[in-house]
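So the structure is just underneath, and the comments pick up after that.
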Amino acid sequence: MRVLSIVHQHDAGSGVFAHAVAERGDELIEWVPPEQPPPGDRFDAVLVFGGAMNVDDDHAWLRGEKQLLRATLADATPVLGVCLGAQLLAEAAGGGARPAAEPERGWETVELLPEAAADPVLGPLPLRFAALEWRRYEMRPPETAVALARSASCLQAFRLGAAWGVQFHAEVTAATVERWVREHDGELDRGGIVADTRREIARWNELGIALCRRFLDAGDQQGP
């Protein structure tokens, strides 16, 4: 498979999802929309990651990316969005995103909903698990989407056809989280995010690689 990875900034990249792509022998092509023109090739699957920007920011490159995502959904190309990526997918599908009541950063409990039991990507996850969150907005997928997981504060995962959106950062490495904390002058680590990450990250990376692998496997089953 040829997998497009949409990376909005270099400190919020493909992370351990790249390992899942490599393990399967697939090809990963990274596209950084603020720096590069849209890719012209067709892809078998698309990954969309996070960033400090918001869905409603008025960037020319973001408008172009939204057009690409709408075309991806129309073509039923498998796509998996993470955080901002999930919010962009929700908007491209006819929903949207909105500012959260409170920013959410650190490790929070996520719980699968009953509808996730038969889902090929999220179904094998534990019913409750600690997840890394780093967000100021929350996704609002259209009513036709199937809600798959939530936390105490918001929806955490949905599916719409061959598209999945997850609010939690299943792709992050320990180095990524520690860099995010440093860039906030350590103020966000008053709750022990770095220590929690060092304790949780091995389990979390295994979960993230397996989740991405199941997404790619589902794309294989869907076919061209």
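The values are calculated or read from the model by the stated rules, or taken from the named source; none is laboratory data. Computed from a predicted structure; not experimentally measured. Here the Cβ is made from the backbone with ideal geometry for all residues, glycine too, and neighbour counts use every protein chain on show.
Looking at the stretch 150-170, is at least one residue in contact with a helix residue (DSSP H, G or I) (Cβ under 7 Å, 6 or more places away or on another chain), within 27 Å of Ala22 (Cα to Cα), aromatic (Phe, Trp, Tyr) and surrounded by 22 or more Cβ atoms within 10 Å (Cβ to Cβ)? Steps first, answer last, please.
The first filter runs over the stretch 150-170 and keeps only residues in contact with a helix residue (DSSP H, G or I) (Cβ under 7 Å, 6 or more places away or on another chain), leaving 162-167, 170.
Keeping just the survivors that are within 27 Å of Ala22 (Cα to Cα) gives 162-167, 170.
Going one step further and asking which of them are aromatic (Phe, Trp, Tyr), we end up with 164.
Filter once more, so that each one left must be surrounded by 22 or more Cβ atoms within 10 Å (Cβ to Cβ): 164.
Yes, that holds for at least one residue.
Please find, among Leu84, Leu69, the residue that is among the aliphatic types (A, V, I, L, M) and in contact (Cβ under 8 Å) with a residue 24 or more places away in the chain. Full working, then the answer.
Numbers: Leu69 fails: in contact (Cβ under 8 Å) with a residue 24 or more places away in the chain.
Within the list Leu84, Leu69, the selection yields Leu84.
All conditions in (1) modelled with pLDDT under 95; (2) surrounded by 13 or more Cβ atoms within 10 Å (Cβ to Cβ); (3) assigned to a strand (DSSP E or B); (4) acidic (Asp, Glu) hold for Glu102, with the sole exception of (2).
Does the stretch 131-139 contain at least one residue that is in a strand (DSSP E or B) and surrounded by fewer than 18 Cβ atoms within 10 Å (Cβ to Cβ)?
There is at least one residue in the stretch 131-139 that is in a strand (DSSP E or B) and surrounded by fewer than 18 Cβ atoms within 10 Å (Cβ to Cβ).
In the set (1) touching a residue at least 60 places away in the same chain (Cβ under 8 Å); (2) β-branched (Val, Ile, Thr); (3) in contact with a strand residue (DSSP E or B) (Cβ under 8 Å, 6 or more places away or on another chain), Thr176 fails one condition alone, (3).
Tell me, yes or no, whether the stretch 174-188 has at least one residue that is part of a strand (DSSP E or B) and at pLDDT 95 or above.
To start, the set of residues in the stretch 174-188 that are part of a strand (DSSP E or B) comprises none.
No, the stretch 174-188 contains no residue that is part of a strand (DSSP E or B) and at pLDDT 95 or above.
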